Amino acid sequence: MVKSKRILFTFILVVCAFYAGMKFEQFLYLDKCLDLGGGQNPGNYSICVVEVNEQQAEG
């Protein structure tokens, strides 16, 4: 009984650590995207959209 509780606890701990890592990676990605001058695409897609201003790119 104790062994099965330990296995269940370890499994829950691994799942929680994985979820926390995914959320942290999402935060870093969004932070990096905003640093580059971009933002998320409307519709809340998880991609970074960086618009290039043609006037600034030429000069």
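Quick notes
- In this simple spin-label model, placing a label point 7 Å from the Cα along the Cα-to-Cβ direction at both ALA20 and MET1 gives a separation of 3.0 nm.
- Phi angles across segment 22-37 convert, under the Karplus curve 6.51 cos²θ - 1.76 cosθ + 1.60 with θ = phi - 60°, into 3J(HN,Hα) values of 5, 5, 5, 5, 5, 5, 5, 5, 5, 5, 5, 5, 5, 5, 7, x Hz, Gly and Pro given as x.
- The distance between label points at PHE11 and LEU28 comes to 2.9 nm (points 7 Å beyond Cα on the Cα→Cβ vector).
All of the numbers you see were taken from the coordinates with simple rules; none came from a lab. The model shown is predicted, which means the values in this text are computed figures rather than measured ones. Don't worry about glycine lacking a Cβ; one is built from the backbone with ideal geometry, like all the others, and counts go over all protein chains shown.
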